[in-house]
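> Before we start, here is the structure in question, set down as structure tokens.
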Amino acid sequence: MSPKEAAQVTTMSRVLLSMMAKEGKFPMPVKLGTKRIAYVRAEVEAWIAAKIEGRTN
């Protein structure tokens, strides 16, 4: 999924997702070319699921 789509799905900015990925707090994107990246949809969905499972009410 594109960085824009990942940002929409997570409701976070593309910049924040990039920073979190560099810190190991979000899945790393895959380089598709010299100027293009994408996130693996299954990894983003698993990250969201883990956040839901780990929440406290």
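Bear in mind that the values in this text are calculations on the coordinates, not laboratory data. Note that the structure is a prediction, hence the values are computed from the model and not measured. A quick note on method: Cβ atoms are made from the backbone with ideal geometry, for glycine too, and the neighbour counts reach across all protein chains shown.
> Is the stretch 17-24 home to any residue that is hydroxyl-bearing (Ser, Thr, Tyr), closer than 23 Å to GLY54 by Cα, surrounded by 14 or more Cβ atoms within 10 Å (Cβ to Cβ) and without any contact (Cβ under 8 Å) to a residue 24 or more places away in the chain?
Step one: of the stretch 17-24, the residues hydroxyl-bearing (Ser, Thr, Tyr) are 18.
If we keep only those that are closer than 23 Å to GLY54 by Cα as well, we get 18.
Within this subset, residues satisfying the condition of being surrounded by 14 or more Cβ atoms within 10 Å (Cβ to Cβ) are 18.
Filter once more, so that each one left must be without any contact (Cβ under 8 Å) to a residue 24 or more places away in the chain: 18.
Yes, the stretch 17-24 contains at least one residue that is hydroxyl-bearing (Ser, Thr, Tyr), closer than 23 Å to GLY54 by Cα, surrounded by 14 or more Cβ atoms within 10 Å (Cβ to Cβ) and without any contact (Cβ under 8 Å) to a residue 24 or more places away in the chain.
> Can I ask one more? Take the residues in the stretch 14-25 that are in a loop (DSSP other than H, G, I, E, B) and over 10 Å from the mean Cα position of the chain (by Cα), then tell me which one is farthest from ALA42 (Cα to Cα).
Filtering the stretch 14-25 for residues in a loop (DSSP other than H, G, I, E, B) gives 23-25.
Keeping just the survivors that are over 10 Å from the mean Cα position of the chain (by Cα) gives 23-24.
Details: GLU23: 20, GLY24: 17 Å.
Out of the qualifying residues, it is GLU23.
> Working only within the stretch 25-39, note down all residues that are among the β-branched types (Val, Ile, Thr) and in contact (Cβ under 8 Å) with a residue 24 or more places away in the chain.
Within the stretch 25-39, the subset among the β-branched types (Val, Ile, Thr) is 30, 34, 37.
If the condition is that a residue be among the β-branched types (Val, Ile, Thr) and in contact (Cβ under 8 Å) with a residue 24 or more places away in the chain, then ILE37 is the only one that fits.
> Do we have any residue at all in the stretch 29-43 that's surrounded by 10 or more Cβ atoms within 10 Å (Cβ to Cβ) and among the acidic types (Asp, Glu)?
So far as the stretch 29-43 goes, yes, one or more of its residues are surrounded by 10 or more Cβ atoms within 10 Å (Cβ to Cβ) and among the acidic types (Asp, Glu).
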